[in-house]
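The values are calculated or read from the model by the stated rules, or taken from the named source; none is laboratory data. Values in this document were obtained by computation on a predicted structure and should not be read as measured data. In this analysis, Cβ positions are derived from the backbone assuming ideal geometry, glycine residues included, and neighbour counts consider all displayed protein chains.
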Amino acid sequence: MPLPSFKEQFAALIAAPSVSCTQAHWDQPNRAVIELLSSWLGDLGFTCETQEVAPGKFNLLASYGSGPGGLVLAGHSDTVPFDTALWQTDPLKLTEVDGRWVGLGSCDMKGFFALVIEAVQPLLILATCDEESSMSGARALAQAGRPLGRAAVIGEPTGLRPIRLHKGIMMERIDILGQSGHSSNPNLGHSALEAMQDVMQELRGLRAQWQREYNNPQFSVPQPTLNFGCIHGGDNPNRICGQCSLEFDLRPLPGMQPEALRAAIRLKLQPLAEQHQVKIDYAPLFPSVPPFEQSADSELVRVAERLTGHSATAVAFATEAPYLQQLGCETIVLGPGDIDCAHQPGEYLDTARLQPTVDLLRQLIDHYCLKTQDPVSPRGENA
């Protein structure tokens, strides 16, 4: 059976739901995406290995060729949740609108795998699960300790500009247990919702403090950020809220220690628990993702700069790059698409980016998989 066309592959990946979310009612397996990629890559002669990270959650490592070195083209197979009512097109159907391919995951980042398959020659292709929540796929790969290639490119949306530096990420949860009661008499209970209001005020104060204390001009957002992602509490207007939970993310700059940040938060929570007569539990949803930095003088950074014509820079969002570094790969983040359109209705990839991406991937493959030696020009010189 012939391999589907490039656009058919792109559309099939978009149509395969693979939402990763901390909320159980949204979270989905990524098996369908992994099976599609395994089938296509297997037909191309790749050796495909799957790693079950959790029930229904899989990593895929597809390799072609053998020997030292090599190139890893890596990405995540999951997407964030979506609100169909806010999309002007079906989020699970590839739609072409004004020179853009619109669909959930087109930009961030299932579409990257179709571009990889279009470009492939001997290399390794890595598709992970749950990057959008726990990064459990990349963690499991790093824990397994299997060596990969000497260089890895993660195809997150960067506008085809190489990225060698990004912030870390902490995903945290605060649970408040109060006492429910009839709303006609506030003395009958202790409102978890009102306590959470004060908790959020304290977190906003810490955010402002950290943004005064820490600044790194290499980032377009030079301060650490703290985002209130979702809140759940109460069940009816005429009951005092007995339980409330908040999930937030904190993105530290290099040099900021996660445990020190958590200790500062705990110091703010204890007095509030006493004041409101509630129980407050605070814990990370997942282990924190460390900040990432690849040396500016590394071979991969210099090759990517030469091929793209752009100097490597920094981004505020986090990726799986630190875990690939742990496996011995020089690593950069480099992919089509614009991060500004990710995680929102109408996510798209400009069709004008398709062929340049394929061409760039082929050049990277040629350098790392086919040539025995390819001297890289010193920084600042044209190749």
Residue by residue through segment 48-77, note down the ones that are among the polar types (S, T, N, Q), closer than 29 Å to D27 by Cα and surrounded by fewer than 23 Cβ atoms within 10 Å (Cβ to Cβ). T50, Q51, S63
With segment 106-185 as the region, which strands (runs of 3 or more DSSP E) entirely inside it contain at least 3 residues that are in the same structural domain as Y348 (by TED's automatic domain parsing) and hydrophobic (A, V, I, L, M, F, W, C)? 124-128, 151-154
Within the set of pairs 6+ apart or on separate chains, which have a first residue in segment 200-219 that is within 27 Å of A312 (Cα to Cα), a second that is of a type in the set (A, V, I, L, M) and in a helix (DSSP H, G or I), and C-beta atoms under 8 Å apart? W210/L261
Out of all the residues in segment 191-217, which are small (G, A, S), assigned to a helix (DSSP H, G or I) and surrounded by 16 or more Cβ atoms within 10 Å (Cβ to Cβ)? A192, A195
When the residues of segment 250-286 are narrowed to those that are touching a Lys or Arg at 6+ places or on another chain (Cβ under 7 Å) and outside any helix (DSSP H, G or I), which ends up farthest from A312 (Cα to Cα)? Y282
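Restricting segment 324-339 to residues that are surrounded by 24 or more Cβ atoms within 10 Å (Cβ to Cβ) and aliphatic (A, V, I, L, M), which is farthest from E305 (Cα to Cα)?
L324
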Matching residues in segment 19-43 - criterion: being among the small types (G, A, S), touching a Cys at 6+ places or on another chain (Cβ under 8 Å) and under 27 Å from P287 (Cβ atoms): S20
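Let's see how each residue does on (1) of a type outside the set (S, T, Y); (2) buried (at least 24 other Cβ atoms within 10 Å of the Cβ):
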site: T79; (1), (2): no, yes
site: T89; (1), (2): no, no
site: D98; (1), (2): yes, no
site: S134; (1), (2): no, no
Matching residues in segment 203-255 - criterion: being among the charged types (D, E, K, R) and closer than 30 Å to L165 by Cβ: R204, R207, R212, E213, E247, D249, R251
Between M109, M171, M135, which is in contact (Cβ under 8 Å) with a residue 24 or more places away in the chain, touching a strand residue (DSSP E or B) at 6+ places or on another chain (Cβ under 7 Å) and at positive phi? M135
So, in segment 6-32, of the ones that are of a type in the set (G, A, S) and at pLDDT 95 or above, which residue ends up nearest to the chain's Cα centre (by Cα)? S18
Residue list for segment 91-116, filter: small (G, A, S) and more than 17 Å from T158 (Cβ to Cβ): G99, G103, A114
Scanning segment 287-323 for residues that are assigned to a helix (DSSP H, G or I), touching a Phe, Trp or Tyr at 6+ places or on another chain (Cβ under 9 Å) and of a type in the set (A, V, I, L, M), the one farthest from P252 (Cα to Cα) turns out to be V303
State whether the residues of segment 33-50 include one that is of a type outside the set (F, W, Y), modelled with pLDDT of 95 or more and either under 27 Å from I231 (Cβ atoms) or assigned to a loop (DSSP other than H, G, I, E, B) (or both). no
With the condition kept exactly as written, say whether any residue in segment 344-365 is buried (at least 17 other Cβ atoms within 10 Å of the Cβ), at pLDDT 95 or above and part of a loop (DSSP other than H, G, I, E, B). no
